[in-house]
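Trainee: Pasting a structure below so you can have a look.
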Amino acid sequence: MIITTTETIPGKRVVKTFGLVRGNTIRARPLSKDILAALRMIIGGEISEYTKLMAESREQAIDRMKAEAERFGANAVICVRFTTSMVSKTAAEMMAVGTAVRLED
């Protein structure tokens, strides 16, 4: 399965468009990570606990979007975009959206 943010893929052509597909996840921050993050905010630097949490969320959203595209019979998702939103003070949603298509050479 090809996943891309572009509209076209060199050497391939879209022969069928299935439409919008999406995958999302909502994750809560564990209190232990908030404590470590608070310490890092005082010292400065990257808050690696949150970086890892967002990376895992992004991968799960992509996996779910890909699974939805496969159910349609697509072999690619083009024009992929990511969005995030706060659900509560300690939870955020990560969503991946794109267009499921069938590509041929």
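Trainee: Determine if region 45-59 includes at least one residue that is of a type in the set (Val, Ile, Thr), at pLDDT below 95, in contact with a strand residue (DSSP E or B) (Cβ under 8 Å, 6 or more places away or on another chain) and not in a helix (DSSP H, G or I).
Mentor: Checked against the condition, which is being of a type in the set (Val, Ile, Thr), at pLDDT below 95, in contact with a strand residue (DSSP E or B) (Cβ under 8 Å, 6 or more places away or on another chain) and not in a helix (DSSP H, G or I), region 45-59 yields no hits at all.
Trainee: Restricting the search to region 69-87, which residues are assigned to a helix (DSSP H, G or I) and crowded, with 19+ Cβ neighbours inside 10 Å?
Mentor: Within region 69-87, 69 is the sole residue that qualifies.
Trainee: Here is a follow-up. Tally the residues that are assigned to a strand (DSSP E or B), out of contact with any helix residue (DSSP H, G or I) (no Cβ under 9 Å at 6 or more places or on another chain) and not basic (Lys, Arg), restricting the search to region 1-19.
Mentor: Final tally of qualifying residues: 4.
Trainee: Restricting attention to region 43-51, does a residue exist that is touching a residue at least 12 places away in the same chain (Cβ under 8 Å), over 30 Å from residue 19 (Cβ atoms) and surrounded by 15 or more Cβ atoms within 10 Å (Cβ to Cβ)?
Mentor: There is at least one residue in region 43-51 that is touching a residue at least 12 places away in the same chain (Cβ under 8 Å), over 30 Å from residue 19 (Cβ atoms) and surrounded by 15 or more Cβ atoms within 10 Å (Cβ to Cβ).
Trainee: Collect the residues in region 88-101 that are surrounded by fewer than 17 Cβ atoms within 10 Å (Cβ to Cβ) and either in contact with a strand residue (DSSP E or B) (Cβ under 9 Å, 6 or more places away or on another chain) or of a type in the set (Val, Ile, Thr) (or both), keeping them in residue-number order.
Mentor: Of everything in region 88-101, those that are surrounded by fewer than 17 Cβ atoms within 10 Å (Cβ to Cβ) and either in contact with a strand residue (DSSP E or B) (Cβ under 9 Å, 6 or more places away or on another chain) or of a type in the set (Val, Ile, Thr) (or both) turn out to be 88, 90, 91, 93.
The values are calculated or read from the model by the stated rules, or taken from the named source; none is laboratory data. None of the values given here were measured: they were computed from a predicted structure. Because the Cβ atoms are built from the backbone with ideal geometry, glycine has one as well, and the counts that use them run over all protein chains shown.
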